[in-house]
Every structure is written in structure tokens, then in C-alpha cells.
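Written out below as C-alpha cells is the structure these notes cover.
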Amino acid sequence: MGRAFEYRRASKEARWDKMSKLFPKLAKAIQVAAKEGGGDPDMNPKLRSAIATAKANNMPKDNIDAAIKRASGKDGAEIKSIHYEGKAPHGALVIVECMSDNPTRTVANVKAIFNKNGGEILQNGSLGFMFARRAVFRLEKFEGDLEALELDLIDAGLENLEQDESGLVVSGDYTAFGELSNALEARGLVLKKAGLEYVPNSPVSFSEEQLGDIEKLLDKLEDDDDVLAVYTNIE
């Protein structure tokens, strides 16, 4: 059938494989948010943002509803939000955010990935002063007056607003998550992803060769079913 067909098939299979791993992770985020703050998105900004992120990634509504429903059942209590800290090759710092129903399995997997890819896991708390917990919102590109938008969002806790070709990024202290979420929604801005992220206080530059070594570890971590997000101090 030719190379073009093979390329399209490979591309489709890669996308399906990504979706098959992404949807369960998004469902876990929804489930934990609903468990922590209730299953009503109107009363739970964290759940509302988790749902918006899932929708932006084309997650079916049935999957979203099922994840919320599970939060009120016995399965909802089993999933916990946990994180691990470590070093990648060349001293890059890494925080791994996980959602798991079996922390013993998860920590064993994370440790093995670090050890097999030139890194090491650290005691939790070791990197606390190297990263700040931030409320981060990634949105579609804003076509209006950025300066006016920035002034408008300051009262909601905005501390930084940046835009490039990939879109708009709004951030503030982690305590401002709810207010910023409500303010952005009230203005009808299109959300692609939102959450509490670990942002490096002092980003570090690495060479292309070093980045290749580091990214091997990061890729393995992101492939793990229990890993929701990976944060680094890479500039």
C-alpha cells in the first residue's frame, strides 16, 4: 500500500497510544479533584479546571462523568495525589507528580526509572526551596488588549501573564487558583490546561547533548501510568 499509507497508519497508532495513556491520567485528576472538593464543578474550581483540561484533550463526556461518579464511590478513596523528587543526569532537578491507588507500586516504578536512566531519587522536601507551587493556566492565544486583561486579572491574584505563538499563560500563587479560575472563566477565555504546577525558582541551561540524556529519563517517567506530570529546573 506504499510508504504514505504506512506513515499515516503509524501516526494514527501513535496518537491512539497517546490517548489510551492520557485519558486515564485525566480521569484520575478529575476523580481526585471531585473527591477533595465535591462533584459539583460550579462549586469546585479545581474540578472545573480538570474537566476543562480533559475537554481540551478531546476526552469524551461519558469518561468525564464516570470519573466524577467514581469519586463518590469506594474507588474514589483509593486514589491519592503524591509526588517524588529526584535528580536527572547532569544534575537536573525533577519533581514527579503522581496519582495512584498503590503508592508502593508507584514509588518502586519511579525509583527504577531514575536508577536505570542515570538519575537518583531524593528524599521528599529536598527540592522545596528550588521550586515554587504556582497556579498556572494555559489558554488559547488572546487577541484582545493584553495590558487591559493583565490589569483586570490583578485583583484575582495574577502575578504573571505571558503570550507567544502557542498561546497565553497566566499564573499566580497557588492560593489564587480558585479566584483566577473564576476570573478567566467569567471572561470567556478558552482554557487548554490548568493546575497547580512546580515552577523552578532558578532555571538552569543545559547543552543539547545533556538535554538528550535528561529527556530519556523524563520520557520514561511520563510514560508511567501513575505519573500525571513531570517538572524540571530546565530553562
Handout entry: Whether the stretch 47-174 is rounded, prolate or oblate, judged on the alpha carbon gyration tensor where a/c under 1.5 counts as rounded
Key = oblate
Exercise for the section: Scale the Cα Rg of the stretch 142-215 by the rule-of-thumb value 2.2 N^0.38 Å and send over the ratio, two decimals. Expected result: 1.34
Completion exercise
Computed ³J(HN,Hα) along the stretch 158-171: with the Karplus parameters 6.51/-1.76/1.60, θ = phi - 60°, integer Hz and x for glycine or proline, the list is 4, 10, 8, 9, 9, 9, 9, 5, 7, x, 9, 10, 10, 8
Problem - For the stretch 220-235, 3J(HN,Hα) per residue [Karplus equation, 6.51 cos²θ - 1.76 cosθ + 1.60, θ = phi - 60°, Hz, x = Gly/Pro] - result: 5, 5, 5, 6, 5, 4, 8, 8, 8, 7, 10, 10, 9, 9, 5, 5
Problem - Test item: Cα-centred dipole of the stretch 153-226, Lys/Arg +1 and Asp/Glu -1 on Cβ, debye - result: 400
Practice task
Hey, can you grab everything whose amide H is under 5 Å from the amide H of G195? Only 5+ residues off in sequence or another chain; H modelled, so Pro and N-termini drop out.
Solution key: V136
Practice task
List every residue whose amide H lies under 5 Å from the amide H of L228, counting only residues 5 or more places away in sequence or on a different chain, with H placed 1.01 Å from N in the peptide plane.
Solution key: E97, C98, M99
Handout entry: Calculated diffusion of the chain, Stokes-Einstein form, Kirkwood radius summed over Cα pairs, 10 °C and 1.306 mPa s, µm²/s
Key = 82
Exercise for the section: Please list, in chain and number order, the residues 5+ apart from F142 or on another chain whose amide H is under 5 Å from its amide H, with Hs placed from the backbone. Expected result: L168
Exercise for the section: Could you work out the local net charge near V136, counting Lys and Arg as +1, Asp and Glu as -1, over the other residues with Cβ closer than 9 Å to its Cβ? Expected result: +2
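Full extension from N115 to S205: what is 0.36 nm times the residue separation minus their Cα-Cα distance, to one decimal in nm? Please list the in-between numbers first.
Values: separation 90, 0.36 × 90 = 32.40 nm, distance 2.30 nm.
Once the chain is fully extended between N115 and S205, it gains 30.1 nm.
Which entries of K28/K69; K28/K192; K28/K220 have Cα-Cα distances beyond 21 Å here?
Violating the 21 Å Cα-Cα cut-off are zero pairs.
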Problem - Hz values of 3J(HN,Hα) by residue in the stretch 34-43 - Karplus curve (6.51, -1.76, 1.60), Gly and Pro given as x - result: 5, 5, 6, x, x, x, 9, x, 5, 10
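Hey, any idea what % of the chain's accessible area is carbon plus sulfur with a 1.4 Å probe?
So the carbon and sulfur contribution to the accessible surface is 50 percent.
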Practice task
Place +1 on the Cβ of every Lys and Arg and -1 on the Cβ of every Asp and Glu in the stretch 19-98, take the dipole about the Cα centre, and give the residue among I82, V94, L47 whose Cα lies farthest towards its positive end.
Solution key: V94
Problem - Probe 1.4 Å, accessible area per residue of the chain, Å² - result: 57
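The values are calculated or read from the model by the stated rules, or taken from the named source; none is laboratory data. These numbers were taken from a predicted model, which means no experiment stands behind them. Glycine also receives a Cβ, built like all others from the backbone with ideal geometry; neighbour counts cover every protein chain displayed. For the accessible areas, the whole protein counts, side chains as well, though only heavy atoms, and no ligand, DNA or RNA atoms are used. Shrake-Rupley method; radii C 1.70, N 1.55, O 1.52, S 1.80 Å.
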